[in-house]
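So the structure is just underneath, and the comments pick up after that.
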Amino acid sequence: MRKIVLLLAALGMTAALGACGSSSSKSTSSTTVHVAVPVGTNPSKSAKMVCQPEAQSDVAGSLGVKTTQVTPPTWADHVYSCKYVYPNGSFTLSVKELANKPQTDAYFAQLQHTLGQSTATAPDLGQGAFTTPNGSLVVRKDFKVLTVDVSGLPAQFGAPPQARSSVALSIGTVVMGCWTGA
């Protein structure tokens with residue numbers, strides 16, 4: 001039974017990744033040039049993406065459940081954040097934007113220390129990732145750090161039900177799939 005649940009979760013992630021940006025992505029060449037952009041006065045396009053309807057749809061496809069509400073996003077201290085609310089819980093997505101690699105390294109290390117790092121194998125996402133003891137996920141990419149805080153969800157969530165840590169990994173995989181070139 002567990003293998004079936006994992007297979008269905010993987011299929012959901014694959015479908016969500018295929019949908020991410022599919023309607024608006026255009027490539028003029030076979031080579032994509034990626035440049036890390038430091039924090040600015042306003043949130044970046046990739047940070048704002050985590051709360052947009054397309055991301056909501058991709059997350060719903062990955063988890064097998066639609067949100068009842070996504071709170072209006074906030075932008076404070078260079079953190080863009082919103083909460084996905086469900087009848088039986090919620091999770092928060094936040095993106096901290098930093099000015100350079102040393103600041104990003106320091107912030108990521110600070111989160112490892114303050115949130116704690118589970119003993120599970122670190123997920124292969126972004127340019128470094130870890131899960132916390134409560135199942136939440138932290139991923140760094142360029143000068144951004146994504147936090148998927150699933151502490152507000154029940155121990156099992158989604159359709160089919162998954163452990164919180166699997167939910168966080170699903171969401172993180174969807175977001176990182178959308179951040180290609182961002």
Would you work out the Kirkwood radius for the range 35-141? I mean one over the mean of 1/r across all pairs of different Cα atoms, in Å.
15.1 Å
How fast does the range 132-182 diffuse by Stokes-Einstein, in µm²/s, taking the Kirkwood radius from C-alpha pairs at 37 °C and 0.692 mPa s?
288 µm²/s
Please give the net charge around V139, taking every other residue with its beta carbon less than 13 angstrom from that of V139, where Lys and Arg add +1 and Asp and Glu add -1.
+1
When the accessible area of the range 31-161 is computed with all protein chains present and a 1.4 Å probe, what percentage of it is carbon and sulfur?
56 percent
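The values are calculated or read from the model by the stated rules, or taken from the named source; none is laboratory data. Quick caveat: nothing in here was measured; it's all calculated off a predicted structure. Every residue, glycine among them, receives a Cβ derived from its backbone with ideal geometry; neighbour counts consider all protein chains shown. Side chains included, ligands, DNA and RNA excluded: accessible areas come from the protein's heavy atoms. Shrake-Rupley method; radii C 1.70, N 1.55, O 1.52, S 1.80 Å.
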